[in-house]
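Engineer: The structure under discussion is supplied below as structure tokens; questions concerning it will follow.
The values are calculated or read from the model by the stated rules, or taken from the named source; none is laboratory data. Being a predicted model, the structure only gives us computed values, none of them experimental. FYI the Cβ positions are ideal-geometry reconstructions off the backbone, even for glycines, and counts take in every protein chain you see. Please note that ligands, DNA and RNA were not included when accessible areas were found on the heavy atoms of the full protein model with its side chains. Shrake-Rupley method; radii C 1.70, N 1.55, O 1.52, S 1.80 Å.
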Amino acid sequence: MCLAVPMKLVAKEELRGLVELSGVKREVSLMLLPEAEVGEYVLVHAGYAIARVDQEEAEETLRLLRDVLAAEEA
């Protein structure tokens with residue numbers, strides 16, 4: 001199973017972007033999503049931004065992921 005994680009695009013230079021989630025920053029390729037803009041949430045999979053999502057959807061997805069992790073730890 002593959003998983004894409006919503007992360008906020010905080011910087012962009014041509015087809016490279018810097019995304020952030022909970023203080024962790026990663027460099028990603030924007031080759032598949034060149035129209036992404038700083039401040040937007042993008043789905044990140046295997047080092048690539050693959051889709052844009054709105055803030056509400058990103059926050060709901062992250063909440064669900066936290067719930068699953070908490071359940072696994074219990």
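Engineer: Looking at segment 19-46 only, could you name the residues that are within 10 Å of the chain's Cα centre (by Cα), open to solvent by less than 60 Å² (accessible area, probe 1.4 Å) and of a type outside the set (D, E, K, R)?
Structural biologist: The answer is V19, L21, V28, Y41, V42, L43, V44.
Engineer: Let me ask you something else. Please find, within segment 51-70, the residue that is surrounded by the most Cβ atoms within 10 Å (Cβ to Cβ) out of those that are charged (D, E, K, R) and closer than 21 Å to V28 by Cβ.
Structural biologist: The selected residue is R52.
Engineer: Quick one: in segment 1-18, which of the residues that are modelled with pLDDT of 95 or more and small (G, A, S) is most open to solvent (accessible area, probe 1.4 Å)?
Structural biologist: The extreme case among them is A11.
Engineer: Still on this structure: List the residue pairs whose Cβ atoms are under 9 Å apart, where the first residue sits in segment 31-52 and is free of Cβ contacts under 8 Å to residues at least 40 places away in the same chain and closer than 14 Å to A4 by Cα, the second is surrounded by fewer than 19 Cβ atoms within 10 Å (Cβ to Cβ) and among the polar types (S, T, N, Q), and the two are 6 or more positions apart or on different chains.
Structural biologist: Y41/Q55; L43/T61; G47/S29; Y48/S29
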